[in-house]
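Colleague: Sharing a structure, written as structure tokens. Questions coming.
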Amino acid sequence: NGGAMATNLALDDRLVEEARRVGRHETKRAAVNEALAEYVARRKRRRILQLFGKLEWDATYDYKVERKRR
């Protein structure tokens, strides 16, 4: 889960409380940590999606042949 970092942030209390409620989190900390994890995952997926159409596809590649080489 990583180390905890003491932080003093000015957050929108209504937004944090709504996130806690809709996420069914018992604490604000849990809600914020979940929201940050989802944010990071979504940004990583967005970077992967940007690669579509930019990579060359080798139609002759056969993964089964590659397995036999080992």
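The values are calculated or read from the model by the stated rules, or taken from the named source; none is laboratory data. Since the model is a prediction, treat every value here as computed from it, not as a measurement. Please note that ligands, DNA and RNA were not included when accessible areas were found on the heavy atoms of the full protein model with its side chains. Shrake-Rupley method; radii C 1.70, N 1.55, O 1.52, S 1.80 Å.
Colleague: With every protein chain left in place, what is the accessible area per residue of the chain in square angstrom, probe 1.4 Å?
Modeller: 107 Å²
Colleague: A further question follows. Against the globular-protein guess of 2.2 N^0.38 Å, express the Cα radius of gyration of region 7-68 as a ratio, rounded to two decimals.
Modeller: Computed over Cα atoms of region 7-68, the ratio equals 1.94.
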